[in-house]
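Written below as structure tokens is the structure these notes are about.
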Amino acid sequence: MMYFYDNPTFENGHSGQRHQNGRLSSIEGHYIPQLQQVTLSWSDVKVTASTRNSCRTDNCSKIILNEVSGYVRPGRLVAIMGASGAGKTSLMNVLTFRNIRDLSVNGDIKINDRVVTRDQMNEISAYLQQEDLFLGTMTVREHLLFRASLQLDVDVKTRQRRVERVITELGLSKCADSVIDRPYSNQRISGGERKRLSFASELLMNPPLMFCDEPTSGLDSFMALSVIQSLKMLVHKGHTVLCTIHQPSSEVFALFDEIYLLAEGKCVFTGNTMFGLDFFQSQGFPCPRNYNPADHFILTLATVPGHTATCHSRIERLCNEFRKNQKNDENCRNREIHLNRRKLLPRYQAPFLKQFSYLLWRSWITNLRNPHLVLFKIVQTILFAVILGLFYLKTDNFYKQDDVMNINGCIFFAIVSLSLDSIFPILNVFPSEVPIFVREYGCNLYRVDIYYLSKIIVEIPFHILTPAIFMTILYFMSGLLYEKVEFFTAVGIAALVANAAAGFGYTISAGAPSITAALALAPLLLMPLMMNGGFFLNNRTVPVYFLWIKYSSWFMYSNELMILNQWTNVDRIECNNNSTCFSNGNLVIDSLGYDKENIPTDWICLAALTVAFRILSFIILFIKAKLST
């Protein structure tokens, strides 16, 4: 659940005007975001991490942040700076209540001098992470409209006006209708535009407080300057902005109002950038003329290998001197707004059907604009079916002994082909979408079940169409039984095989940390399932200790169904002279250890596996989403 703050009051007891200070304001009968200025402060924050593996005692711990304090006022752009390992990311994680599950955290995080919880912080802040994650097949405008539709409870026109305003404010008008990153092409927006799009995504709700993790990472100096200028523009409008940054250029550094310097988990200095230079100079570390102040701070606070004791002593001296000179700044408490909890709102702004419809629309757009999943997949299916049909080419139903092996091989190879054709496209695409899902879920855009349901529904037509095309071509080229019932039965089996395999692919994709891991894991799990499919190993001779694999294999159920479908009504198979032969289809079935009584069971189990794999993948996705928050 999320908290909604309304009707703020000042210390003198007077109510603020809702259109100025409330999180939402009523205009033309609708609610649109309005800016509420906030001051972020933290005091005596101490973070420790257990290091049992590197210590002999169980109680050993490492101090990451050592009782640091600070604040960020409205209309100020503040940079957290420090050498690698200084604690910049840890401080950002603590302030945003993220990734601190395994850490011991003490201290207070306050908004307008009131201690806040994780839910309260999420309600009034936006967190722009270092990596920009988007579905590349959408345009900039479509992406923002999607976010606005799930975050803003307003009518369509008001929502569109809000999106257009944000596009204009962040200089995205030229690329508004450009695809973010079209797969397998050079059509993509620039790195700076991607970063500004990240800002735009969060600005739709007009959050008063913004956290930015390395906003200039991976950008050239021009793009980095452009991004910080965008942040500066937000600051001028009253937003409170805090970001971590690693050695900015002098032009970028000049845009920051204040800096917060960390070294070895301690605060060395916080305040105006010019005061920082004066402080370092007073301690015997003047910044050389025409030298980047940011570089000077980082080099002064860095721990040089071989000179650890000297560097540590220097940092301690700077920390102690700053503590002596530091005075409490009362300005941050001049006009404090008390955030009073008035009512509890649902976690998700959009209702079930709205979430489902927009997620379904986005998934459909993603598939249509991905040539690998549409045109290429259909062409690939046709070509492979034709090639396979040419290997097993037979244009009649007059079977000889050699045809038995060919038909059985063709059937199993078709099942394997349908399975691989369903699994590997998912392994190549779905793992890259999971991080996007996890981030959007963390932003409370939609529920896990709705996301997964929309994804599955959009994929189902493709997992029916391509197997139908494949089986139609192969069926009449390879000499399978020319009967209507048998043909449509074979197409139905093929569709179930493709969907069961797709569910298996979703399960691996949901659990694997990357595409590489998914591609490495899939063959390892597929091999035993294929071995128990009834082609490489007789159905009657499967070892007892592998029976559980046999009954978990869609290869076994589908192969039995296809074999029974093919040979049950074949009354005559031509025998060679003076040789033991299969004179009819029933003998072929018996030789493989299959039973006609299993037909209903096979259909049920094949359908059950299709559902079970999807349920399992949903559970994995759900757990991953919960752990991420």
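The values are calculated or read from the model by the stated rules, or taken from the named source; none is laboratory data. Treat the numbers as computed from the prediction; the structure is a model and nothing was measured. Don't worry about glycine lacking a Cβ; one is built from the backbone with ideal geometry, like all the others, and counts go over all protein chains shown.
Tabulated data
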{"quantity": "Yes/no for residue 619 being out of contact with any strand residue (DSSP E or B) (no Cβ under 6 Å at 6 or more places or on another chain), over 30 Å from residue 398 (Cβ atoms) and not basic (Lys, Arg)", "calculated": "yes"}
{"quantity": "Residue in region 399-419 that is in the same structural domain as residue 564 (by TED's automatic domain parsing), at pLDDT 85 or above, over 25 Å from residue 481 (Cα atoms) and among the β-branched types (Val, Ile, Thr) present", "calculated": "no"}
{"quantity": "Some residue of region 156-172 being in a loop (DSSP other than H, G, I, E, B) and in contact with a helix residue (DSSP H, G or I) (Cβ under 6 Å, 6 or more places away or on another chain)", "calculated": "yes"}
{"quantity": "Subset of region 310-334 (residues that are in contact with a strand residue (DSSP E or B) (Cβ under 6 Å, 6 or more places away or on another chain) and either at pLDDT below 50 or of a type in the set (D, E, K, R) (or both))", "calculated": "332"}
{"quantity": "Search result, residues across region 408-428 that are among the hydrophobic types (A, V, I, L, M, F, W, C), touching a residue at least 60 places away in the same chain (Cβ under 8 Å) and within 23 Å of residue 524 (Cα to Cα)", "calculated": "411, 412, 414, 415, 416, 418, 420, 423, 424, 426, 427"}
{"quantity": "Output for region 355-388, where each listed residue is in contact with a Cys (Cβ under 9 Å, 6 or more places away or on another chain) and free of Cβ contacts under 8 Å to residues at least 12 places away in the same chain", "calculated": "none"}
{"quantity": "Selection within region 408-419 - surrounded by 19 or more Cβ atoms within 10 Å (Cβ to Cβ), among the β-branched types (Val, Ile, Thr) and farther than 23 Å from residue 583 by Cβ", "calculated": "415"}
{"quantity": "Strands (runs of 3 or more DSSP E) (entirely within region 1-90) containing at least 2 residues that are at pLDDT 50 or above, crowded, with 21+ Cβ neighbours inside 10 Å and among the hydrophobic types (A, V, I, L, M, F, W, C)", "calculated": "40-50, 61-72, 77-82"}
{"quantity": "Condition met for residue 258 (of a type in the set (Asp, Glu), closer than 30 Å to residue 37 by Cβ and modelled with pLDDT of 85 or more)", "calculated": "yes"}
{"quantity": "Region 392-407, residues that are surrounded by fewer than 14 Cβ atoms within 10 Å (Cβ to Cβ) and either part of a helix (DSSP H, G or I) or within 29 Å of the chain's Cα centre (by Cα) (or both)", "calculated": "402, 405"}
{"quantity": "When residues of region 118-148 are limited to those that are closer than 21 Å to residue 192 by Cβ and among the small types (Gly, Ala, Ser), the one modelled with the highest pLDDT", "calculated": "126"}
{"quantity": "Close pairs from region 156-181: first without any contact (Cβ under 8 Å) to a residue 24 or more places away in the chain, partner in a loop (DSSP other than H, G, I, E, B) and surrounded by 15 or more Cβ atoms within 10 Å (Cβ to Cβ), Cβ under 8 Å, at least 6 apart", "calculated": "159/152"}
{"quantity": "Among the residues listed as 549, 620, the single one being among the β-branched types (Val, Ile, Thr), out of contact with any His (no Cβ under 6 Å at 6 or more places or on another chain), over 30 Å from residue 435 (Cα atoms) and in a helix (DSSP H, G or I)", "calculated": "549"}
{"quantity": "Flag for residue 120 being touching a strand residue (DSSP E or B) at 6+ places or on another chain (Cβ under 7 Å), under 30 Å from residue 363 (Cα atoms), surrounded by fewer than 20 Cβ atoms within 10 Å (Cβ to Cβ) and among the polar types (S, T, N, Q)", "calculated": "no"}
{"quantity": "Test: residue in region 461-472 that is touching a helix residue (DSSP H, G or I) at 6+ places or on another chain (Cβ under 8 Å), crowded, with 20+ Cβ neighbours inside 10 Å and of a type in the set (Val, Ile, Thr)", "calculated": "yes"}
{"quantity": "Any hit, region 580-595, residues being of a type outside the set (D, E, K, R) and either within 42 Å of the chain's Cα centre (by Cα) or within 30 Å of residue 459 (Cβ to Cβ) (or both)", "calculated": "no"}
{"quantity": "Top-ranked residue in region 253-273 [being under 16 Å from residue 300 (Cα atoms) and of a type in the set (A, V, I, L, M); ranked as surrounded by the fewest Cβ atoms within 10 Å (Cβ to Cβ)]", "calculated": "259"}
{"quantity": "Count of residues meeting criterion [of a type outside the set (Lys, Arg), in a helix (DSSP H, G or I), in contact (Cβ under 8 Å) with a residue 12 or more places away in the chain and more than 30 Å from residue 568 (Cα to Cα)] in region 446-502", "calculated": "13"}
